[in-house]
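Some notes on the structure that comes next.
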Amino acid sequence: YNTSRPVWSCCWCLDDPNYIYAGLVNGSIMIYDLRDTNSHVQELVPQKSRCPMVSLSYLPRMASAALPYGGILAGTLEGACFWEQKAGNSYRPHHLPLEPGGCIDIQTEISTRHCLATYRPSKNNPCVRCVVMELTCSPLTE
């Protein structure tokens with residue numbers, strides 16, 4: 001695949017093994033269908049940050065009753081976003097309340113929806129830090 005920009009991270013779709021996700025240097029996520037290698041099928045464009053996409057993790061639908069939505073957990077050097085997969089191929093971004101700056105990886109445990117965010121050393125924290133969180137959902141007011 002020609003992405004036109006460097007790929008920093010990738011993951012499989014756990015709901016359909018024909019799809020892969022590629023996180024780009026500009027913060028976009030490209031979605032590819034392995035059955036059609038001509039081009040990507042969709043691009044998810046970040047609303048705010050244009051930082052490199054350092055981490056992608058796919059959460060399958062209905063893996064947890066507490067959070068039945070599937071989608072992509074995407075981490076950049078500045079923060080994180082959960083791209084909720086709606087009907088068909090539409091996605092809705094939800095920005096997550098992470099500490100700003102220095103996030104180098106976010107991984108998930110599918111059944112509990114626990115997330116592990118890893119931060120690089122900084123002026124305020126001279127060591128690598130790992131923070132455990134849990135993804136939850138609450139109704140949106142539109």
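Each value in this text was obtained by applying a stated rule to the coordinates, not by laboratory testing. Note that this is a predicted model, so its numbers are computed, not measured. Here the Cβ positions follow ideal geometry from the backbone for every residue, glycine too, while neighbour counts run over all protein chains shown.
Summing Lys, Arg as +1 and Asp, Glu as -1, what charge do residues with Cβ under 10 Å from the Cβ of residue 19 carry, residue 19 excluded?
Counting the neighbours of residue 19, the net charge comes to -2.
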If one builds a Gaussian network model of the chain from Cα atoms under 10 Å apart, the most fluctuating residue listed among 130, 13, 115 is 130
Given a cut-off of under 8 Å on Cα pairs at least six residues apart, what relative contact order in percent is computed for the chain?
15
Could you work out the local net charge near residue 116, counting Lys and Arg as +1, Asp and Glu as -1, over the other residues with Cβ closer than 13 Å to its Cβ?
-1
Can you run phi through the Karplus equation (6.51, -1.76, 1.60; θ = phi - 60°) for segment 49-60 and list ³J(HN,Hα) in whole Hz, with x for Gly and Pro?
6, 10, 6, x, 7, 7, 8, 10, 9, 8, 10, x
Where the Cα atoms of segment 7-134 are projected onto their three principal axes, how long is each span, largest first, in whole Å?
46, 34, 21
